[in-house]
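Have a look at the structure below before the remarks.
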Amino acid sequence: MNQNAVRFGIVGAGAIAQSYALAFESCSMAQVAAVVDARPDAAAALAERLKCKSFTSHSEMAENSELDAVLICTPPNTHADLCVEFLERGIAVLCEKPLSIDVPSAQRMIETSRRTGVKMTMASKFRFVQDVVLAKALLTSGILGDIVLIENVFTSRVNMTKRWNSDPGISGGGVLIDNGTHSVDLIRFFLGPLAEIHVVEGKRARDLPVEETVHVFVRSTSGMLGTVDLSWSINKEIESYLRIYGSEGTISVGWKDSRFLLSGSRDWHVFGKGYDKVQAFRSQIENFACALRGEEPLLLSLEDAMASVQVIEAAYASLRDSHWVPIPFPGSSRTSVTNPAPKSAQPAA
């Protein structure tokens, strides 16, 4: 055990926690001191793998473990209460996306962090993908000229019929809040604050009570346009998940490699090796650990975390009312729309 490593507790031993386990196993700056899950077998299995204690009560874990931070990997409707309890105990929180299922609960989490002075942020792995970081550096260098459009695609055939992700009472919605939270944060990472959003729903091929396929349009406060395709029902079979178009070229961030093409050239230049999930999770953990030590700022701020919830809330209002919806300025206390119950949205004809 590294005595200088930041000591984490993992809350929830489901699929996402298994992915994080790989990252912790290759991270020298942080180590897992405890795992908790209401399912004793699941908690024990992950704890055995990570050579740490297991618990079935998060309060018991907090009281009987020496923790600097927790990683919350439970369903979204549990995030607010868990986050607030750990922050009140003086334990920092890295919370899986989405931060919460609505703006009021996100506000409660953020206000608790500010009042207690205990660090908290939302986990958003794509900000930490090395190719995304390199793409941001290229964009900042100005080689693309004026940015005109950004496109994001997260589509994959996934059977959600028996998963909590398609239960709106647990997840807060469907593919829009699930994968769309990643999309929102990625676009904000490149374009800055967003001004308005419009969402169109596609056919519900699996007859879920939530949206399965959506097309999203966003406009940044500086006038740049973004489009997002999200689906659990189709796979668009394309090599890139992010494209940025400028007046002088294009950046393509892909699953297997990343490239840029400058105006007047026929040759794409490779600058990245593709998506590495473990690397992204490890870099995210390292940033959080360094922030706790006071060595660097959090890459994703409380304002960024709050903005992700506000944009998704505005997205559901647009999905319900079929028009462009304004997005509140990041960090404002309330949105200008009422968050609709996602299950009330009707399937497209």
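Full extension of the chain between V148 and E63 gives 25.4 nm of extra length, using 0.36 nm per residue less the Cα-Cα distance. Each Lys and Arg contributes +1 and each Asp and Glu -1, all at the Cβ; summed about the Cα centre of segment 202-314, the dipole is approximately 340 debye.
Take every pair of alpha-carbon atoms less than 8 Å apart whose residues are at least six positions apart; their mean separation over the length of segment 192-265 yields a relative contact order of 19 percent.
Under 16 Å of direct C-alpha separation, and excluding same-chain neighbours fewer than eight residues apart, K136 reaches these aspartates and glutamates: D146, E151, D185, E248, D257. Each residue of segment 300-312 was assigned a 3J(HN,Hα) from its phi angle through the Karplus expression (A = 6.51, B = -1.76, C = 1.60, θ = phi - 60°), giving 10, 7, 4, 5, 5, 4, 5, 4, 4, 6, 5, 5, 5 Hz with x at Gly and Pro.
Available extension along the chain between S26 and R108 is 26.2 nm, counting 0.36 nm per residue and deducting the alpha carbon span. Rounded to the nearest whole Hz, the Karplus-based 3J(HN,Hα) values (6.51 cos²θ - 1.76 cosθ + 1.60, θ = phi - 60°) of segment 83-88 follow the sequence 4, 4, 4, 5, 4, 4, with x at glycine and proline. Amide H contacts for G246 (H built 1.01 Å from N in the peptide plane; partners 5 or more residues away or on another chain; cut-off under 5 Å): V148, I251. For segment 1-58 versus segment 135-151, the inter-centroid distance based on Cα atoms is 38 Å. What is the calculated FRET efficiency for K256 to D321, with r their C-beta to C-beta distance and R₀ = 30 Å, to the nearest 0.05? It comes to 0.15. What percent antiparallel are the DSSP beta bridges of the chain, to the nearest 5? Taking every DSSP beta bridge with both residues in the chain, the antiparallel ones total about 55 percent. Averaged over residues, the count of other Cβ atoms within 10 Å places the peptides 87-97, 112-122, 265-275 in the sequence 87-97, 112-122, 265-275, highest first. In terms of distances greater than 28 angstrom between alpha carbons, the cross-link table entries K51/K97; K53/K273; K119/K236; K51/K125; K53/K119 yield K53/K273; K119/K236.
Considering only V158, V133, V184, the mean-square fluctuation computed in a Gaussian network model of the chain, springs between alpha carbons under 10 angstrom, is largest for V158. Karplus-derived 3J(HN,Hα) values for segment 118-124, using 6.51 cos²θ - 1.76 cosθ + 1.60 with θ = phi - 60°, are 9, 5, 8, 7, 8, 6, 9 Hz; glycine and proline are entered as x.
Taking each DSSP H run with n ≥ 4 as -39500 (n - 2.57) and averaging over every residue of the chain yields -11000 deg cm²/dmol at 222 nm.
Here the chain is assigned +1 on the Cβ of each Lys and Arg and -1 on the Cβ of each Asp and Glu. Its dipole about the Cα centre then comes out at about 300 debye. When the chain is treated as a Gaussian network with alpha carbon springs shorter than 10 Å, the biggest mean-square fluctuation among A34, A289, A42 belongs to A42. Axis of helix 175-191 versus longest Cα principal axis of the chain: the two differ by about 70°, to the nearest ten degrees.
Annotation: aspartates and glutamates with alpha-carbon distance below 17 angstrom to K162 (same-chain offsets under eight excluded): D178, D207, E211, E212. Charge dipole of segment 1-130 (Cα centre as origin; +1 on each Lys and Arg Cβ, -1 on each Asp and Glu Cβ, all else neutral): 400 debye, rounded to the nearest 20. Pairs of Cα atoms nearer than 8 Å and 6+ residues apart set the relative contact order; for the chain it is 18 percent.
Taking amide H as placed 1.01 Å from N in the peptide plane, the amide H of E196 sits under 5 Å from that of R219, I327, each at least 5 places away or on another chain.
Just so you know, all these numbers are worked out from the coordinates, no wet-lab data involved. Since the model is a prediction, treat every value here as computed from it, not as a measurement. Here Cβ is always computed from backbone atoms with ideal geometry, including for glycine, and neighbour counts include all displayed protein chains.
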